[in-house]
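One structure is given below, encoded as structure tokens.
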Amino acid sequence: MYSKCQGDKCICLLCPHGCTLRKGEKGTCGVRENRGNGCIELMCDGLVSGYANDPIEKKPLYHFYPGSRILSVGSFGCNLKCDFCQNSHISCGFNLAEARKTTPEAIVSHASQISQNIGIAFTYNEPVVWIEFMIRTAEKAKYDGLKTVMVSNGYVNPAALDDIIVVTDAFNIDLKFFSDESYRLIAGGSLKPVLKTLSKVSGSGRHLEITTLIVPGINDSVGEIAGLSSWIANECGAHTPLHLSRYHPSYRRHTPATPAGLIKELHAVASEKLSYVYAGNVPGAMLSDTCCRQCSSLVTSRNGYKTKLTGLDNGGRCKTCGTEIYSFLL
């Protein structure tokens with residue numbers, strides 16, 4: 001479906017890489033292959049790498065049904081190659097022969113039976129690369145009244161993104177860097193397609209939150225985070241939640257962890273433009289709570305993944321001044 005073939009060559013139309021594949025070749029993602037059947041086939045269809053019932057805050061989504069649970073499911077492969085990948089064992093180093101196979105019906109049935117579970121989140125690896133299975137599962141989930149979430153790097157072509165948006169209620173998208181050079185050198189991609197994805201999702205009316213992992217020496221400058229937060233405010237809206245996460249050494253990058261003090265400094269920088277900025281992986285920083293953007297009253301407190309909706313009415317508005325905080329509330 002997401003390919004154009006002529007002779008023994010096929011061009012993948014799913015993401016901006018546009019991989020041209022001869023028979024037997026796989027794309028950058030490692031899971032889409034030209035098998036000589038006139039299209040590029042998904043090798044991991046129905047193959048699951050991870051399956052867990054998580055707090056919605058773990059995605060992270062703080063403004064989408066806070067305090068709820070969601071069934072998280074992932075597969076294999078990724079179309080970016082970050083050297084700090086926290087899931088490299090399923091993104092670029094995997095053995096599909098050892099994977100368990102499932103069906104959309106089985107996933108949706110499981111999700112429907114979990115107490116306080118609102119739906120299904122496609123996460124762990126890059127969901128874009130197994131788009132066919134993801135869409136089939138999401139369609140079944142929507143039919144059964146479940147919510148759908150996609151946690152993605154946003155590196156996808158517009159036509160494929162249109163198909164995803166139709167069946168997805170909420171997105172958390174990684175804006176890894178605000179520099180095309182960093183995208184090229186570290187992730188093997190480019191910035192512009194991700195910005196286009198963010199703009200399209202924001203304009204679609206679907207719920208959007210954004211995550212940026214702060215990597216020392218790469219995207220940790222005040223100037224970069226000021227530019228990134230200004231772009232979000234201008235293109236997606238100042239009330240778009242931004243999660244600034246603390247990097248820890250992983251995969252091929254052994255740089256020491258981001259100083260907690262720097263995360264706090266960059267949190268303050270981003271907060272000059274954005275109403276809701278959160279700090280991840282910074283214990284005791286008290287930067288995961290939600291305060292009313294109008295009167296600064298505490299409306300939600302978070303300790304790890306424990307969430308208390310302390311200052312809200314039943315409509316998701318601040319009890320003190322009536323400002324709407326959450327559009328999606330249990």
Using Cα positions and a limit of under 19 Å, work out the aspartates and glutamates in reach of K308, with same-chain residues fewer than 8 apart set aside.
-> D54, E57, D289, E324
Among the listed pairs K176/K306; K26/K306; K9/K140; K140/K192; K59/K200; K26/K196, those beyond 30 Å (Cα-Cα) | K26/K306; K9/K140; K140/K192
Post the alpha-carbon centroid distance, the stretch 148-184 to the stretch 189-262, in whole angstrom.
-> 12 Å
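If contacts are Cα pairs under 8 angstrom and at least 6 residues apart, what is the relative contact order of the stretch 289-330 in percent? It would help to have the intermediate numbers written out before the result.
Numbers: 65 pairs, mean separation 12.1, N = 42.
In percent, rounded to a whole number, it is 29.
How do M286, M43, M134, M150 rank when sorted from fewest to most other Cβ atoms within 10 Å of their own Cβ? Before the final figure, lay out each step's value.
On the way: M286 11, M43 19, M134 23, M150 26.
Ranked by crowding around the Cβ, least crowded first: M286, M43, M134, M150.
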The stretch 289-330 -> Rg/Rh from Cα coords, Kirkwood Rh, value 0.94
Cross-link list K142/K264; K23/K101; K58/K142: which exceed 32 angstrom alpha carbon to alpha carbon?
-> K142/K264
Within 10 Å of each residue's Cβ, count the other Cβ atoms and sort I118, I218 from fewest upward.
-> I218, I118
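I'm a student and want to see the number: the projected area of the Cα convex hull of the stretch 31-171, averaged over all directions, in nm². Kindly include the intermediate steps, with their values, before the conclusion.
Details: hull surface 35.1 nm².
So the mean shadow area of the Cα hull is 8.8 nm².
For the chain, count all C-alpha to C-alpha pairs, find those more than 30 Å apart, and express that count as a whole percent of the total.
Values: 18309 of 54285 pairs.
Considering the chain, 34 percent of its Cα-Cα pairs are separated by more than 30 Å.
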Cα point-scatterer Debye curve for the stretch 166-299, base-10 log of I(q)/I(0) at q = 0.13 Å⁻¹ | -0.55
Most mobile of H267, H207, H89 in a GNM of the chain (Cα contacts under 10 Å) = H89
In whole angstrom, note down how far apart the Cα centers of the stretch 102-146 and the stretch 8-29 are.
-> 26 Å
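Report the rotationally averaged projected area of the stretch 231-312 based on its alpha-carbon convex hull, in square nanometres.
Values: hull surface 26.3 nm².
Mean projected area of the Cα convex hull: 6.6 nm².
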Expected max-MSF residue from L185, L242, L61 in the GNM of the chain (alpha carbon, under 10 Å) is L185
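Throughout, read-outs are computed from the coordinates displayed, never taken from laboratory work. Note that the structure is a prediction, hence the values are computed from the model and not measured. Cβ atoms come from the backbone with ideal geometry, glycine included; neighbour counts cover every protein chain shown.
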